[in-house]
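Novice: Quick one: structure below, then a few questions.
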């Protein structure tokens, strides 16, 4: 018998799902560092979308954490459209209760926005990557929906140190002294974790036609006592451990922590039902993981493992503090607080035009988006290759010499094409920012270079509130959001709040008004002027109050989808060719016959372009171990110990290089396997191929 779902009694609908969102693994510009030369050239770890569906018997919410640099507005729109076309899902999920967030890895392919600025360094829109992301997120939600069952949710919180540093100390210090004094660090050191477990067999209290799962779109199934279903945690740190020298796709420090946690739970992504662990992003706009200096391309993977281990170890501690089978229990650390969540699940969502938002409490308006002079330099703490002629903190009144000459020339160009960029109201509305790129007024076919209408969303899960932030938000700005949301929902029993950064859309950064005045990279990248955060605070409070009193809220103006106006400068694959005397899959450089544990195994294969087939939920590279008379897959594209590198040789010829770090291997007989799809010159026919190395021994 299925227990009655009742959030007030701590019995929720819970569904977890995971699916591949890995895009083209060759010759596509990577997203995050804005380096045109940084294009994909293989995989060190596949990217995944992790979906969690939570319901109280009346309402449901969907939380997705995807291993992507950003969630662009076009992605959210397309995912919702895909969900609404699915007869099984459409009844339950829409814009208002679906929250899509990104981990912000800088090691993934880009070109999946419908706004010009974010496709600039990827040479335009990449439909193949966009489609892979949308389909993968949709499939993860679908899996989560089919996996819904009764369960409990436990929350644990605890302090973590040593995972990063505040890279914008001068702007942070400009915040009011009394506000800074309330905190012990210029980082938000607390990790918040949710643990999901199935109800035990002893909790079957009967069924109810309205409260049972069977009546709400998920099948009844036997219940295992305290079976672990999944986990989400939030911590703010940039996944920029792997720097711009890198050419391989991967999830950086958060993706690696996810991999370790799921591996410990023996998760198998090939199975539609498996344990799912998400390391989600909290406010990290001013938080760098690069404690050793800027990523140098030499020690990146070593440093990534250290930062990933910090997050993983803390997550394990918090997870175990919730009890081995879900009973909230004291943790090992005095700093850990664990509790069971009880109460309603709810959500409010609204589209807000930030180009002209009136902020009632201040009687001021925001203005159309613009990027300031020092945005061009990027964050030098995370990318040493970015150089700008502008001095740090350049403002309207502090420009010097060549800075004035350059900005004057840029102003003239934009002013001729878009005269409103020179209006006094616009310039004053962005001050003290010196406008460099007027992204809200510069348009192509009516499409602004960055979004002006943004989604604002708040979820409630028992005592926890989640504010979806469509930007990179700084530490202090995130604290203000949490406080405002908690205050508005306190009357409803909410005691804790987190900010889900990089959610539902992307509009660069948000700082506090005080940090904005400093006009370092983060302030220069805050789009709608100094009152941007105040606008978000007003809207979050409005949504939170609506949840608290059970009222509805107008959805605002749905943003236009500019998908039909997208252009790309990247050619497709014409055809593949094998080297003289070779065929696809042939070994070019074979392994040795024997290795010791800890050595690297390398083999090279005749290959074809990875764009021909993304091999979604499959592998370009495999390690297989001999077991009796059969070969078993041991490691694949998901595993960071095995990397796949693609290299163009000449013309249409290419090779694949497989590298396996054997430090976690067991003795035995192994072989490396490379898979791919080749495209013929005539009629573009595609053929799958496979190549295997010699059998070698690990001892």
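Novice: Kindly provide the set of residues from the stretch 612-654 that are surrounded by 15 or more Cβ atoms within 10 Å (Cβ to Cβ), over 25 Å from the mean Cα position of the chain (by Cα) and more than 19 Å from residue 689 (Cα to Cα), ordered by number.
Specialist: 625, 634
Novice: Scan the stretch 99-137 for residues that are more than 15 Å from the chain's Cα centre (by Cα) and within 12 Å of residue 49 (Cβ to Cβ) and jot them down.
Specialist: 135
Novice: For residue 528, state whether it is assigned to a loop (DSSP other than H, G, I, E, B) and in contact (Cβ under 8 Å) with a residue 60 or more places away in the chain.
Specialist: yes
Novice: Could you grab the pairs with beta carbons closer than 6 Å, sequence gap of 6+ or different chains, first residue in the stretch 86-109 and on the phi > 0 side of the Ramachandran plot, second one at pLDDT 95 or above and in a loop (DSSP other than H, G, I, E, B)?
Specialist: Hits for this filter: 104/69; 104/239; 104/502.
Novice: In the stretch 389-495, which helices (runs of 4 or more DSSP H) lie fully inside it and hold 2 or more residues that are closer than 30 Å to residue 235 by Cα?
Specialist: Once the helices (runs of 4 or more DSSP H) in the stretch 389-495 are filtered for at least 2 residues that are closer than 30 Å to residue 235 by Cα, what remains is 475-489.
Novice: If the requirement is being modelled with pLDDT of 95 or more, surrounded by 17 or more Cβ atoms within 10 Å (Cβ to Cβ) and in a helix (DSSP H, G or I), which of these qualifies: 175, 246, 253, 233?
Specialist: 253
Novice: Another question, then. With the condition kept exactly as written, say whether any residue in the stretch 200-211 is in the same structural domain as residue 55 (by TED's automatic domain parsing), surrounded by 15 or more Cβ atoms within 10 Å (Cβ to Cβ), at pLDDT 55 or above and within 30 Å of the chain's Cα centre (by Cα).
Specialist: No, every residue in the stretch 200-211 fails to be in the same structural domain as residue 55 (by TED's automatic domain parsing), surrounded by 15 or more Cβ atoms within 10 Å (Cβ to Cβ), at pLDDT 55 or above and within 30 Å of the chain's Cα centre (by Cα).
Novice: Now a separate question. Is it the case that some residue within the stretch 497-514 is surrounded by fewer than 24 Cβ atoms within 10 Å (Cβ to Cβ), assigned by TED's automatic domain parsing to the domain that holds residue 172 and under 21 Å from residue 360 (Cα atoms)?
Specialist: no
Novice: So which of 572, 552, 598, 535 is closer than 30 Å to residue 651 by Cβ and either in a loop (DSSP other than H, G, I, E, B) or touching a residue at least 24 places away in the same chain (Cβ under 8 Å) (or both)? Talk me through it step by step, then tell me what you get.
Specialist: On the way: 552 fails: closer than 30 Å to residue 651 by Cβ; 598 fails: closer than 30 Å to residue 651 by Cβ; 535 fails: closer than 30 Å to residue 651 by Cβ.
It is 572.
Novice: Are any residues in the stretch 124-135 touching a strand residue (DSSP E or B) at 6+ places or on another chain (Cβ under 6 Å) and either assigned to a loop (DSSP other than H, G, I, E, B) or free of Cβ contacts under 8 Å to residues at least 24 places away in the same chain (or both), and if so, which ones?
Specialist: Passing the criteria: 125, 126.
Residues are listed down the side, and each one gets a yes or a no for (1) in the same structural domain as residue 27 (by TED's automatic domain parsing); (2) under 23 Å from residue 442 (Cβ atoms); (3) in a helix (DSSP H, G or I):
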site: 45; (1), (2), (3): yes, no, no
site: 49; (1), (2), (3): yes, no, no
site: 53; (1), (2), (3): yes, no, no
site: 57; (1), (2), (3): yes, no, no
site: 69; (1), (2), (3): yes, yes, no
site: 80; (1), (2), (3): yes, no, yes
site: 83; (1), (2), (3): yes, no, yes
site: 94; (1), (2), (3): yes, no, no
site: 101; (1), (2), (3): yes, no, no
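Novice: Restricting to the stretch 144-153, name every residue that is surrounded by 24 or more Cβ atoms within 10 Å (Cβ to Cβ) and in a helix (DSSP H, G or I).
Specialist: Scanning the stretch 144-153 gives a single hit, 144.
Novice: Contact list please: Cβ distance under 7 Å, first residue in the stretch 658-674 and without any contact (Cβ under 8 Å) to a residue 24 or more places away in the chain, second residue outside any strand (DSSP E or B) and surrounded by fewer than 19 Cβ atoms within 10 Å (Cβ to Cβ), pairs at least six apart or on different chains.
Specialist: Note: pairs meeting the criteria are 664/641.
Novice: Considering 158, 111, which residue is touching a helix residue (DSSP H, G or I) at 6+ places or on another chain (Cβ under 8 Å) and in a loop (DSSP other than H, G, I, E, B)?
Specialist: 111
Novice: Right, another one. With the condition kept exactly as written, say whether any residue in the stretch 643-659 is outside any strand (DSSP E or B) and touching a helix residue (DSSP H, G or I) at 6+ places or on another chain (Cβ under 9 Å).
Specialist: no
Novice: (1) within 22 Å of residue 344 (Cα to Cα); (2) in the same structural domain as residue 286 (by TED's automatic domain parsing); (3) surrounded by 20 or more Cβ atoms within 10 Å (Cβ to Cβ); (4) in contact with a strand residue (DSSP E or B) (Cβ under 8 Å, 6 or more places away or on another chain): which one isn't true of residue 488, the others all being true?
Specialist: (4)
Here's the yes/no breakdown for (1) free of Cβ contacts under 8 Å to residues at least 12 places away in the same chain; (2) assigned by TED's automatic domain parsing to the domain that holds residue 482; (3) over 16 Å from the mean Cα position of the chain (by Cα); (4) not in a strand (DSSP E or B):
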{"position": "237", "(1), (2), (3), (4)": "no, yes, no, yes"}
{"position": "262", "(1), (2), (3), (4)": "no, yes, yes, yes"}
{"position": "271", "(1), (2), (3), (4)": "yes, yes, yes, yes"}
{"position": "284", "(1), (2), (3), (4)": "no, yes, no, yes"}
{"position": "301", "(1), (2), (3), (4)": "no, yes, yes, yes"}
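Novice: Let me ask something else about it. Name the residue that is farthest from the chain's Cα centre (by Cα), counting only residues in the stretch 673-695 that are farther than 10 Å from residue 608 by Cα and crowded, with 19+ Cβ neighbours inside 10 Å.
Specialist: Only one residue fits best here, namely 693.
The values are calculated or read from the model by the stated rules, or taken from the named source; none is laboratory data. All of these numbers come straight from a predicted model, not from anything done at the bench. Backbone-built Cβ (ideal geometry, glycine too); neighbour counts: all protein chains shown.
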